[in-house]
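Values in this text are rule-based calculations from the coordinates and carry no lab data. If you're wondering where the values come from, they're calculated on a predicted model, not measured in any experiment. Every residue, glycine among them, receives a Cβ derived from its backbone with ideal geometry; neighbour counts consider all protein chains shown.
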Amino acid sequence: MAQPVILVHGGAGNISDGAVPAKLEGMKKAVQSGYEALSKGLSSLDAVQAAVKVMEDDPAFNAGKGSVLNLDGEIEMDAIIMEGSTLKVGAVGAVKRVPNPISLARIVLEKSPHVLLVGEGANRFAAEHNVATVPAYRLVTQKAIDALEAFLRNEGDSTTELGDNKGTVGAVAIDSKGRVAVATSTGGVTGKAPGRVGDTPIPGSGGYADDKIGAVSTTGQGESIMRACVAHRILMSMKGGKPTQQSTEEALKYMTSTVGNTAGAITLSNKGEIGIYFTSKRMGWAYKIGNNPIKAGVDMPQL
């Protein structure tokens with residue numbers, strides 16, 4: 001039997017010192033929730049969903065409640081969940097009024113013949129499957145409003161999207177049967193065009209899982225992550241025999257040097273080896289390996 005492992009991230013960016021405690025607490029709770037699922041014998045798919053849901057419910061992160069606002073002042077969220085044993089994927093893009101997009105993505109994986117549903121179609125699918133929705137304002141935080149106002153004052157200065165609320169969340173896990181899974185969820189970037197979908201719900205960009213190799217969840221500047229296919233690039237490097245951490249570092253450095261911008265990723269091999277790397281100033285991360293205590297931070301770890 002494999003040793004259960006869960007690894008999460010709380011987003012890459014310029015995380016201020018004042019924002020660190022809330023992010024660390026939220027990520028530790030997410031790890032605990034995911035590990036409890038694993039310890040009960042549930043699947044890695046259940047574990048990553050549970051972990052991400054905790055962070056979607058936490059306004060310290062840019063996912064679910066606390067998501068950033070688009071140019072119209074609305075929240076549109078993206079999410080993906082993928083099962084490494086079957087390569088089944090469920091994803092949603094530009095979805096509104098759904099407090100837990102990762103739960104909707106899971107239903108897409110299980111109940112839809114499609115991989116990715118977006119916009120009004122995703123919301124209609126949610127209604128058809130009795131997914132909980134809330135009035136849009138219930139997901140909006142003052143921090144998100146302030147960030148949009150700062151973005152507009154700066155006339156679209158892209159640096160405003162690198163603030164504390166650039167906190168895409170993600171999780172990768174391996175269960176006792178050696179199965180891997182990934183889940184990633186985000187509100188996107190402040191001031192994005194309505195209808196913009198980022199890397200998060202795109203298989204191979206925002207996340208990917210394959211039991212033959214491992215699982216990856218990414219965070220950062222979505223357009224660059226998509227152009228470099230970061231999650232897929234990491235796993236292909238691992239498939240070629242490179243170590244988990246080295247593969248993660250090289251793919252992110254390739255992205256930054258080739259198409260620009262910053263990003264981060266968490267990686268878990270099918271042997272339980274972890275990789276954590278980012279080209280941004282900071283990235284929130286936390287993990288638990290078997291019965292060992294939870295480790296968490298926002299600066300580069302010594303693995």
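A few remarks follow.
- For a modelled paramagnetic label at Lys271, 7 Å from Cα along Cα-to-Cβ, the residues of the stretch 231-252 in reach, with backbone nitrogen under 16 Å, are 235-248.
- Modelled this way, with points 7 Å down the Cα-to-C-beta line, the labels at Arg227 and Lys88 are 3.6 nm from one another.
- For Lys242, a cut-off of 14 angstrom between C-alpha atoms picks up these aspartates and glutamates, skipping any fewer than 8 places away in its own chain: Glu250, Glu273.
- Cα-Cα separations in the chain greater than 31 Å, expressed as whole percent: 18 percent
- Residue-span extension gain [Asp72 to Leu303] - 0.36 nm each, minus C-alpha spacing: 78.9 nm
- Inter-site label distance for Arg124 and Gln142 at 7 Å from Cα along Cβ, in nm: 4.0 nm
- One decimal place: the segment Lys242-Lys212 gains 9.4 nm when fully extended, by the rule 0.36 nm per residue minus the C-alpha distance.
- For the chain, calculated [θ]222 nm from helices alone, where every DSSP H run of n ≥ 4 adds -39500 (n - 2.57): -10000 deg cm²/dmol
- Each peptide in 218-226, 102-110, 200-208, 131-139 gets a packing score, the mean of other Cβ atoms within 10 Å over its residues, and the list from highest to lowest is 200-208, 218-226, 102-110, 131-139.
- Label point distance in nm, Ser39-Lys177, each placed 7 Å from Cα along Cα→Cβ: 2.1 nm
- For the stretch 40-81, fraction of C-alpha pairs farther apart than 14 Å, in %: 54 percent
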